[in-house]
Amino acid sequence: MKMQKIVVLSGAGISAESGLQTFRASDGLWNQQRVEDIATLQGWEKDPEFVLQFYNERRKEGRAAIPNAAHKALAKLEPHFSVTIITQNIDDLHERAGSSDVIHLHGEINQSRSSIDPELVYVIEHWAMKMGELCDKGSQLRPNIVWFGEEVPMINAAIPVVEQADIFMVIGTSLNVYPAAGLVDFVASSAKKYHIDPNGLTQKNTHGFHVIPKKAGEALPSLVQVLLNEADSG
Ligand code: OAD
């Protein structure tokens, strides 16, 4: 029998229980920093050192964090389902938990890229990026993060995957940022849809979702177990 396709759209909430801050909570990153200063091209051009510093901190925290029960539960699905994780997160906790097919919509904290050629991407081995580190074309390296106002090239890879989902899960995202939030509109009407977030259903475009108003690390191990039992008996 053909394996069912599970597609996950995750956001900062799935990494919250690993100690990484979300963006829009009252103590979240966007309430401590001005988005314009650190997540736009204009902010980078105004003060690149400050921007590097901000992402250096995120890299340091991200590397110190460890995958939580939610990341681990999703990785357990793989032998029984075809699973793709589409994440807005720049951390690598899904991969470190064992998920093998992860699409990063908003870039990756452990990568840098040329500031003149987005195709020139490098793995960051050390933790702190510095001014004066150049790409092969001689321009300053910037974090490989998609900033506000920039294209989201990976959305083109994500849309056809979402269209194939038999089971679709939205986990730990406020669905405030497009085009990521618009992916829910590509889910087939026949798919089973889950929304896992302790704040419950906040967006109108999650109509038809089965809402689990719990933390991801509490909700996912049991949901995954149910799905694995169903796959075994089917
Ligand atoms: P947000 O901070 O907007 O939303 C986080 C969501 O996670 C909220 O709905 C919380 O209720 C929920 N949450 C909190 N703790 C949780 C837990 N333990 N389990 C499950 N859910 C929990 O973060 P995102 O939606 O990811 O982009 O933000 C989207 C994008 O906005 C980010 O990728 C980032 C930001 O600007 C860039 O930097 C390009």
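The values are calculated or read from the model by the stated rules, or taken from the named source; none is laboratory data. Values in this document were obtained by computation on a predicted structure and should not be read as measured data. We place every Cβ from the backbone using ideal geometry, glycine too, and count neighbours over all the protein chains shown. To get the accessible areas, we keep the full protein, side chains included, count just its heavy atoms, and leave off ligands, DNA and RNA. Shrake-Rupley method; radii C 1.70, N 1.55, O 1.52, S 1.80 Å.
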*How large is the helix-only mean residue ellipticity at 222 nm for the chain, computed as the sum of -39500 (n - 2.57) over DSSP H runs with n ≥ 4, divided by its residue count, in deg cm²/dmol to the nearest 500?*
-8500 deg cm²/dmol
_With a 10 Å cut-off between alpha carbons and a GNM built on the chain, which of Gln21, Gln88, Gln33 moves the most?_
Gln33
*Could you give the size of the charge dipole of segment 143-202 about its Cα centre, using +1 on the Cβ of each K and R and -1 on the Cβ of each D and E, expressed in debye and rounded to the nearest 20?*
180
*For segment 46-184, accessible area per residue (1.4 Å probe, heavy atoms of protein chains only), Å²*: 44
*Just how many pairs of Lys in segment 1-133 have C-alpha atoms closer than 21 Å, counting pairs that are eight or more places apart or on different chains?*
5
*Quick one: work out the % antiparallel among DSSP beta bridges in the chain, nearest 5.*
25
*Top mean-square fluctuation among Asp117, Asp92, Asp101, Gaussian network model of the chain, C-alpha springs under 10 Å?*
Asp117
